[in-house]
Amino acid sequence: MIWAIGGGLAIGFCLGRLIGVLATKLRNANGDVAPNDFLALSLIALSY
């Protein structure tokens, strides 16, 4: 059970970091296309 908690934390951290980097690169490359509220909601939905 302890390995599952550690694995979940590691996977969550890695996916969150990856999504953050990708979102930052896409926003910088395309300009500020979407409002920050919609971006935040879409990232939350993607993580679930």
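General remarks:
- Cα pair distances exceeding 15 angstrom across the chain, given as percent: 54
- In the chain, the DSSP-assigned H stretches of four residues or longer account for a calculated mean residue ellipticity at 222 nm of -29500 deg cm²/dmol, using -39500 (n - 2.57) per stretch and the full residue count as denominator.
- In the chain, the portion of solvent-accessible area held by carbon and sulfur atoms comes to 73 percent [1.4 Å probe, whole percent, DNA, RNA and ligands not counted].
- On a per residue basis, the chain carries 89 Å² of accessible surface, using protein heavy atoms and a 1.4 Å probe.
- Degrees, to the nearest 10: 2-30 long Cα axis against longest axis of the chain: 10
The values are calculated or read from the model by the stated rules, or taken from the named source; none is laboratory data. All of these numbers come straight from a predicted model, not from anything done at the bench. Keep in mind that these areas ignore ligands, DNA and RNA; they rest on the heavy atoms of the full protein, side chains included. Shrake-Rupley method; radii C 1.70, N 1.55, O 1.52, S 1.80 Å.
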